[in-house]
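Trainee: Below is the structure I would like to discuss, written out as structure tokens.
Readers should treat all values here as calculations from the given coordinates under stated rules, not as data from a laboratory. None of these values were measured; they are calculated from a predicted model. Neighbour counts run over all protein chains shown; Cβ positions are idealised from the backbone, glycine included.
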Amino acid sequence: MMKHPALRIPFHRYVVACALFLTARLAGSQPLSFTPFHPSGIYDVGEKAGWTMTLPQGAAGPAAGYTYIIKKNNLDTIKTGVLDLSSGAATIETALNEPAMLYVEVDAGAGAVHLGAAIAPSRLQPSVPRPADFDSFWDAKLKALGEIPINPVLSPGPANKPGLEFYTVKLDSLGSHVQGYLAKPAREARFPALVIFQYAGVYALQPNTVLDRAAEGWLAFDVDSHDIPPSQAAGVGTNYFAIGNTDRETSYFLNMYLRDSRAIDYITSRPDWDGKTIVIMGTSMGGQQSLVTAALQPRVTAVIVNEPSGADSNGDLHGRQTGYPNWPSNNPKVMETALYFDTVNFAPRIKAPVLAALGFIDTIAPPAGIWTTINQIPGAREVIAMIESDHNNKTPEKQGAYNARSKEVLGVILNGGEFKPNGDLARDPSK
């Protein structure tokens with residue numbers, strides 16, 4: 001195994017993340033296998049990165065060959081070519097003198113496959129400086145939020161599972177309300193808290209999200225991203241992410257983030273909380289909200305996120321593809337506002353240990369932004385590098401590494417243990 005000098009992830013993480021990668025195929029054409037030069041998919045600056053492609057013995061590639069494009073951070077094309085597989089094998093390779101992600105598309109006309117690699121990812125840094133008043137802005141908002149009574153309203157509902165209690169919850173927040181579902185074991189005890197944040201969109205929450213967790217022993221709270229009843233699938237425009245995006249005081253994400261923080265205020269006020277454990281988790285925009293909440297709430301004790309969005313908001317202006325919420329880079333006001341809601345800028349405030357999964361070919365939550373966010377976290381963190389994965393909804397079958405490790409971590413915490421991230425993600429000591 002290649003040992004990157006600034007990034008060491010346990011070998012079993014590589015194996016889980018890479019197992020399917022070796023069996024990739026081009027749809028509609030001859031099967032083509034891709035083997036990365038390093039199983040990790042991670043290379044150092046100046047090191048040759050790439051893949052060996054092979055056809056099964058006796059198979060023939062297209063007469064015109066396979067074309068490929070290599071993009072740096074999935075934005076700037078740095079190399080193109082045609083692969084001659086007449087001998088049954090060929091290579092795609094390149095080297096970079098700076099930290100970056102590589103994104104490759106191989107196309108034979110009848111289908112395409114995407115490949116990803118990382119160049120010194122633990123050295124990726126923010127595209128633009130953190131606003132000087134970032135902390136004072138959010139500290140003022142938290143102070144104002146603290147002056148609003150929580151006023152919890154709980155409406156009991158059918159648990160549909162024996163031994164559980166289930167509630168619809170509504171809380172007062174600053175300028176809006178927190179709404180969601182809560183479930184717990186139906187016995188007198190104090191339980192560890194698990195707060196779940198939701199991916200992007202406007203949809204009804206599923207009661208089983210908390211019921212299943214409560215059946216395991218959690219005090220579980222599923223927080224709606226919007227100020228609508230959790231059973232409701234409408235009431236907010238689908239373009240909510242663009243609302244007020246030219247001003248930090250009117251951005252839709254302002255009240256969303258404050259609602260997320262208020263959810264922690266509430267869960268810690270409950271007499272059935274164990275008084276010490278608060279795990280927060282989410283995927284995509286749920287991961288985005290989880291990272292932000294951990295930054296705003298030092299009481300959070302562990303963070304589990306899968307392909308979190310909301311990072312590197314100004315990346316399009318600086319050589320990196322930017323993903324959801326896809327703030328328009330041609331509007332300076334939007335770009336200025338976005339910095340106050342970018343996970344990269346919240347990361348330095350996170351004290352809890354973080355488990356973060358990312359997909360090397362993800363275009364909704366591009367890995368360069370996630371790596372950059374992780375690199376700003378001062379505490380312990382563990383990366384699950386899923387080198388064959390697009391966003392979770394596009395390649396759900398490639399999420400095995402995240403599913404297995406997150407389940408393992410939750411089990412450890414639920415049973416009274418401590419989440420201790422595997423691997424050393426310390427910055428390069430030469431920097």
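Trainee: Please give the calculated 222 nm ellipticity per residue for the chain, where each DSSP H segment of at least 4 residues contributes -39500 (n - 2.57) and the sum is spread over every residue; nearest 500 deg cm²/dmol?
Mentor: Computed ellipticity for the chain at 222 nm equals -6500 deg cm²/dmol.
Trainee: Within 10 Å of each residue's Cβ, count the other Cβ atoms and sort I150, I196, I280 from fewest upward.
Mentor: Neighbour counts put them in this order, fewest first: I150, I196, I280.
Trainee: From the backbone phi of the range 149-165, what are the Karplus-calculated ³J(HN,Hα) couplings (6.51 cos²θ - 1.76 cosθ + 1.60, θ = phi - 60°) in whole Hz, Gly and Pro given as x?
Mentor: x, 5, 6, x, 10, 10, 10, x, x, x, 6, 6, 9, x, x, 10, 10
Trainee: Okay, moving on. Give me H318, H177 sorted ascending by neighbouring Cβ count inside 10 Å, so fewest comes first.
Mentor: H318, H177
Trainee: Taking θ = phi - 60°, what integer Hz values does the Karplus form 6.51 cos²θ - 1.76 cosθ + 1.60 yield along the range 71-82, in sequence order, with x for Gly and Pro?
Mentor: 10, 7, 6, 6, 10, 9, 6, 10, 6, 9, x, 10
Trainee: For each of V82, V113, count neighbouring Cβ atoms within 10 Å of the residue's Cβ, then give the residues from fewest to most.
Mentor: If I rank by nearby Cβ atoms, fewest first, I get V82, V113.
Trainee: If you average the alpha carbon positions of the range 295-341 and of the range 170-247, how far apart do those two centres end up, in angstrom?
Mentor: 21
Trainee: Follow-up question, since we're still on this one. Candidates (1) 39, 24, 20; (2) 34, 25, 21; (3) 37, 28, 19; which is the computed semi-axes √(5λ) of the Cα gyration tensor in Å?
Mentor: After the calculation, the listed value that fits is (1).
Trainee: Report the local net charge at P366: Lys and Arg +1, Asp and Glu -1, summed over other residues whose C-beta lies under 9 Å from its C-beta.
Mentor: For residues surrounding P366, the net value is -1.
Trainee: May I have the count of lysine pairs in the range 134-414 with C-alpha atoms under 29 Å apart, counting pairs 8 or more residues apart or located on different chains?
Mentor: Final tally of qualifying lysine pairs is 24.
Trainee: Measure out, as a whole number of angstrom, how far apart the alpha-carbon centroids of the range 105-156 and the range 364-426 sit.
Mentor: Cα centres, the range 105-156 to the range 364-426: 15 Å.
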